[in-house]
Amino acid sequence: MIINGVEVQQHQLSYDKILKGTLEQSDEMTIRFINGLLGENIPLNAPVEWLDKESITDKNTAIIADYYPRIGGKIYAIEVEEDGSGNMALRVFRYAVGGAMLHSMTATKAELNITFPQPCVIFLQSTKTTPQKLIWNIEFFDGQKIKLEIPTIHLAKLSIEEIVKRDLLPIGQFYLRSFEKLTKKKLAAFKTAAASLLAELKNAVDCGVIPYHIGLQMQDTIRKTIENVIVKSQEEVGAIMTTDILETIPCIDYLEVFAKIEERGRAEGKTEGMAEGKAEGKAEERSLIVKNAMQMNMSITDITKLTGLTYAEIDTLMQL
């Protein structure tokens, strides 16, 4: 689709897979995210283990949770939901039971010990049917009753400032979906939010909170989300949907960021005994950038512009 001379596409985005793919690349970012999501205080150097997230029902059908890590010995079951129109309370309970049986259950002939994971549901959009909270009411055969409220996050109700403050940018990359369907009245706020979100992402990359190669992927998701909102709302917005939404958003200059990291690496490498280690580290970083860019279907020409590497250097790094 061409809008005012600029090609705008509809992209198929699997938000749960994007979130998990983002977080799996950085243990520290994962811990920051969980701390901000649930108010935890997990040390940033705590061990992170990604668990098998699939269990099987008695009908031999798979139950697959979105996001299932063990961090510092505690298991978390995080679900990403579009708008909450389904039976989310039941689904999360099934995920929790299945995960607990797989990873947190011990038994003898006379005793069963089972620990449930910490659940949380992230609603990307809020509609009239989106539940404000999720409740488990569990009653045992002897009359004991347990009532549990499952933590829920409504992304559309958060401000960009709060998203940044709580280290929730891994879901903040989906924030602009909250403007669907985009109307003329929402257009100015949408453009402001897009610029603010990308500026905060750049700041997080510059400060080292988000690794720069992950920042590149998140920026790509934000841009695709912007395009999706535009495509879905074109008839509503009409001629007022000008190209400056796409042309003026402050995309991260990753070539500049890469140069800064290279410069810092050279400075650190001057320390006696560290040069070889720094060189190896930079090679691994470069290799990761190239591989991630290839997975995003970037052309070799674009990768050379991004990294400043030659075609031969890119080919060599792909072999690491």
For this session: Keeping to region 90-147, report how many residues are modelled with pLDDT under 85, among the charged types (D, E, K, R) and assigned to a loop (DSSP other than H, G, I, E, B).
Result: 1
Exercise. Residues in region 136-170 that are surrounded by 11 or more Cβ atoms within 10 Å (Cβ to Cβ) and of a type in the set (Asp, Glu): how many?
Worked result: 2
Problem set entry | Filter result (at pLDDT below 85 and either assigned to a strand (DSSP E or B) or under 11 Å from Gln118 (Cα atoms) (or both)) within region 58-80 | Ala62, Ile63, Ile64, Tyr67, Tyr68
For this session: Pull up region 171-193, narrow it to residues that are small (Gly, Ala, Ser) and surrounded by 17 or more Cβ atoms within 10 Å (Cβ to Cβ), then point me to the one that is nearest to Asp220 (Cα to Cα).
Result: Gly172
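The values are calculated or read from the model by the stated rules, or taken from the named source; none is laboratory data. Quick caveat, the model's predicted, so the values are computed rather than measured. All Cβ positions, glycine included, derive from the backbone under ideal geometry; neighbour counts span all protein chains shown.
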